[in-house]
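Below: one structure, written as structure tokens.
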Amino acid sequence: MSFLQIEPVRILLYLVGICAFVGANAAYLVLAERKGAGRIQRRPGPNEAGFGGILQPVADGIKLLAKQVMVPPGTDALLFRAAPLMVMAPPLMCLAMIPFSDSIVARHLNVGLLFVFSFGSINVMALMLGGWASRNKFAIISSARVVSQNVAYEIPMLLVVITLLMVTGTMDLNEIIHQQGGGIWHWNLFKVWVNPLMPVTFVIFFICMLAETNRAPFDMAEAESELVAGAFTEYGGMGFGVFFMAEYANIVVGCSLATVLFLGGWQSPIGVLSGGLWGAGWFLLKLYGLIFTVIWIRWTFPRTQFYSLLNLSWKILIPISLFTLLLTGAMMKLPVVYHQFF
Amino acid sequence: MSLLTALRDTYSGFKSLLTGLRITAREASKPSITVQYPHETLKMPERFRGHVKLVLDPVTGKSRCTSCNLCVRACPSDCITVEGIKREGEKKKSVSEYTLDFTTCSLCGSCVEACPSDAIEYSKDYNVVSLHREDFSRMDLVKKLEAEAKVWAEKNPEAAAAAAAASAAAMAAAAAAPAKPAVAPAPASAATPTPTSTPAAAANPVAPVRSPEPKTT
């Protein structure tokens, strides 16, 4: 155990582990996405490569790697090349904070939540730079959309998280999970005695997470039918591949965060079987349950119009999340005030 | 009041989203309805119109076409060419060459309607692709029928053997009939093998198929 605590070994393990986890997830979530789409549309999905299509991600990867990465003339070559890296880096950093179980966490930080959100917001800048550097009108329109969309959805998301912070009183992700131990009714999702609108808070968080990761029905960054491929129009080969992987990595981060904040992280829903590797099992179960929901949502709802997307945020999500924030504050502080005066 | 309306709208909108999710979940639990095309194919419906083809008569194992040329005349785009020959031992002519120009055929079906002996029908063949224009502009239906007959013969050996024997018998009978008056002028060396072999075949229809060479004399 002491060997694992040597700093360079830990860094190396983190790098290898997270890169492998993100890579495998990105590759196989694409397959899961296509299989899920197929299932919902009552067709089998990709099933030719390997047994039942199990080698499809490998084939896709080889195809993407074999393609030439073109930098179109007249573009800002440095930014153009840097954008895919910048979009990939934040989820890799964020995953360092996510506790997969009580002990499996790359780096324990007592402001883990703040860390995740500060790195998570780099993502939008990378997409904007990618679109801007492409010197392509579709890409620029898409970047503008991405920015206004992310600004609009960052607000309700942070309001929801502040509500949660008031309940938990800590930014330490593992500590937040510890507070939710002992069964499904202790999860933040069901803490209705703290705030009766807690499930609504979770729904708002989930919607904002979908919008922040540019997932359908909010996939304005890559509106194929309107903007060719949005911010990725000029990217080919692995440049596009990295953007694609980053999308799935961001989904993994977002769903992990939802799991940690609302669904009790690695805590068992039944109160027993919650130590060590069981914890990792529960965490992954909840994580993939949420990811499945994300895929399910994508293949159920059509893309929204841009103004209704902004309307949803500014007219519905922000007022409701503000209200829950006030309600939580009131419910926490009113008893104190009451005792003070009576 | 407008706050209440907004809340009600939000609630009903959210409920409709859940309804949508329920519908897709229900669809996802049903079996898949697509056909894995190269591995499995659908049976073509009865009235599917592929290019016309010659019908294989399941009794004789041959075409029913008598090369009467009615289909050629019925064709509005002039894309059928038929040649027939009179085979020994058969009352009617039989088709020797049936060429369809599929590049101009509009699949109107006038030829199928016009045919008095039900010798042509629409094929169920939709996998038609070729690198050569001639495969469509000069589609040899007789050749296709022969290929089909070969498959048919392999699948139904009894019927094929019976049909072959019957045709051989008919041919032999036909050969024997004109052979009799020809016996006198013909030199003995040429005539003798034919009569000796033919009655045997005529008497015994299930005998092994013989080559139909004798008719040349």
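The values are calculated or read from the model by the stated rules, or taken from the named source; none is laboratory data. Since this is a predicted model, take the numbers as computed values, not measurements. Cβ coordinates were reconstructed from backbone atoms using ideal geometry, including for glycine residues, and neighbour counts include every protein chain displayed. Keep in mind that these areas ignore ligands, DNA and RNA; they rest on the heavy atoms of the full protein, side chains included. Shrake-Rupley method; radii C 1.70, N 1.55, O 1.52, S 1.80 Å.
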remark   = With the charge dipole of the range A:70-341 built from beta-carbon charges (+1 for Lys and Arg, -1 for Asp and Glu) about the Cα centre, the Cα from A:284, A:100, A:162 projecting farthest to the positive end belongs to A:162
request  = Along Cα→Cβ, 7 Å out, is where each label goes; now give me the distance between the ones at residue B:35 and residue A:155 in nm to one decimal.
outcome  = 5.5
task = Take B:132, B:51, A:178 and sort them by solvent-accessible surface of the protein heavy atoms, 1.4 Å probe, largest at the top.
result = B:132, A:178, B:51
task = Could you give the size of the charge dipole of the range A:181-302 about its Cα centre, using +1 on the Cβ of each K and R and -1 on the Cβ of each D and E, expressed in debye and rounded to the nearest 20?
result = 640
task = Please report, in debye to the nearest 20, how large the charge dipole of the range A:155-247 is about its Cα centre when each Lys and Arg carries +1 at its beta carbon and each Asp and Glu carries -1 there.
result = 500
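For the range A:70-341, calculate the relative contact order in percent as a whole number, restricting contacts to Cα pairs under 8 Å that are 6 or more residues apart.
Working: 402 pairs, mean separation 72.5, N = 272.
Dividing the mean separation by the residue count of the range A:70-341 yields 27 percent.
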task = Kindly express, to the nearest 10 degrees and within the range 0 to 90, the angle between helix A:276-298's C-alpha long axis and the longest C-alpha principal axis of chain A.
result = 60
Rounded FRET efficiency, nearest 0.05, which uses the C-beta distance separating residue A:192 from residue A:270 and R0 of 25 Å = 0.80
ask   = Between the helical axis of A:198-212 and the dominant principal axis of chain A, each derived from Cα atoms, what acute angle in degrees is found, rounded to the nearest 10?
value = 20
query = In a shell of Cβ-Cβ distance under 13 Å around residue A:96, excluding residue A:96 itself, what net charge do Lys and Arg (+1) and Asp and Glu (-1) give?
reply = +2
task = Beta carbons within 10 angstrom, averaged per residue: use that to sort the peptides A:67-75, A:107-115, highest first.
result = A:107-115, A:67-75
note = Interchain or sequence-distant (5+) residues whose placed amide H lies within less than 5 Å of the amide H of residue B:120 are B:55
task = State, to one decimal in nm, how far the label point of residue A:184 lies from the label point of residue A:16, with both points 7 Å from Cα in the Cβ direction.
result = 3.9
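Largest first, what is the accessible-area ranking of A:228, A:252 with a 1.4 Å probe?
Values: A:228 80, A:252 5 Å².
So, going from the largest accessible area down, we get A:228, A:252.
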request  = Pairs of Cα atoms under 8 Å, at least six residues apart: use those to get the relative contact order of the range A:100-200, whole percent.
outcome  = 26
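Measure off, as a whole percent, the carbon and sulfur share of the 1.4 Å-probe accessible area of the protein assembly as shown, all protein chains present. Provide the component values of the computation, followed by the final result.
Values: 20330 of 30140 Å².
Summing carbon and sulfur atoms, their accessible area is 67 percent of the total for the protein assembly as shown.
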query = Using a 1.4 Å probe on protein heavy atoms, which residues of the range A:299-338 have at least 10 Å² less accessible area in the complex than alone?
reply = A:300, A:301, A:316, A:320
task = Pick out, from A:173, A:313, B:2, the residue whose Cα sits farthest towards the positive end of the charge dipole of the protein assembly as shown, with +1 on the Cβ of Lys and Arg and -1 on the Cβ of Asp and Glu.
result = B:2
task = Provide a whole-number value for the mean count of partner chain Cβ atoms within 10 Å of the Cβ atoms in peptide B:12-23.
result = 2
task = Please give every one of the lysines within straight-line cross-link reach of residue B:150, meaning a C-alpha to C-alpha distance under 27 Å, and leave out same-chain neighbours fewer than 8 residues apart.
result = B:43, B:53, B:62, B:86, B:91, B:92, B:93, B:124, B:215
query = If the label point is 7 Å along Cα→Cβ of residue B:101, which residues in the range B:61-79 have backbone nitrogen under 17 Å from it?
reply = B:71-79
ask   = Kirkwood hydrodynamic radius for chain A: how many Å is it when counted over pairs of different Cα atoms?
value = 21.2
task = Return the whole-Å distance between the Cα centroid of the range A:261-311 and the Cα centroid of the range A:101-149.
result = 20
ask   = When only the heavy atoms of the protein chains count and the probe is 1.4 Å, how do A:255, B:105 rank by accessible area, highest first?
value = B:105, A:255
key: Efficiency of FRET from Cβ geometry, residue A:49 and residue B:118, R₀ 45 Å, rounded to 0.05   = 0.40
message = Can you give me the distance in nm between label points at residue B:83 and residue A:7, each placed 7 Å from the Cα along the Cα-to-Cβ direction?
response = 9.4
